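The values are calculated or read from the model by the stated rules, or taken from the named source; none is laboratory data. Remember, it's a predicted structure, so these values are computed and weren't measured experimentally. All Cβ positions, even for glycine, are placed from backbone atoms using ideal geometry, and neighbour counts span all protein chains on display. With ligands, DNA and RNA removed, areas are computed over all heavy atoms of the protein, side chains included. Shrake-Rupley method; radii C 1.70, N 1.55, O 1.52, S 1.80 Å.
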Amino acid sequence: LGLKGKGAVRINKAGCLGRCDEGPVLVVYPEGVWYTYLDEADIDEIIDSHLVHGRIVDRLRLPEDAA
């Protein structure tokens, strides 16, 4: 998708990020948007909507007060 490289997308593996009870999480910086996901289709939606088009996927977003 042309998203990798200097100043672009970087993927890091981490532990539970302090939110283990909420299942798998993914965080998009610099916005600091926390997501949960159920399957690969959800991850694809986050990539396409948020990373490619800059639109937050509200249905997968974790509440900010829990972050």
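For chymotrypsin sites (Phe, Trp or Tyr not before Pro), no site in the chain is both called loop by DSSP and has at most 15 other Cβ atoms within 10 Å.
Rounded to the nearest 20 debye, what is the charge dipole size of the chain about its Cα centre when +1 sits on each Lys and Arg Cβ and -1 on each Asp and Glu Cβ?
Around 460 debye, computed over the chain.
For the chain, the per residue solvent-accessible surface stands at 77 Å², with DNA, RNA and ligands left out and a 1.4 Å probe. Across segment 44-50, rounded Karplus estimates of 3J(HN,Hα) from the backbone phi angles (6.51 cos²θ - 1.76 cosθ + 1.60, θ = phi - 60°) give 4, 5, 4, 4, 5, 6, 7 Hz, Gly and Pro being marked x.
Only one of (i) 12.3, 37; (ii) 11.8, 33; (iii) 11.0, 34 was calculated from the structure for Rg and Dmax of the Cα atoms in Å, and its label is (ii).
The portion of the accessible surface of the chain made up by carbon and sulfur, rounded to a whole percent, is 53 (1.4 Å probe; DNA, RNA and ligands excluded).
Per residue, the average separation of C-alpha pairs within less than 8 Å and at least 6 apart gives the chain a relative contact order of 24 percent.
The residue list Cys20, Gly32, Ala8 was ranked by how far each Cα lies along the charge dipole of the chain toward its positive end, using unit charges on Cβ atoms, and Ala8 comes out on top.
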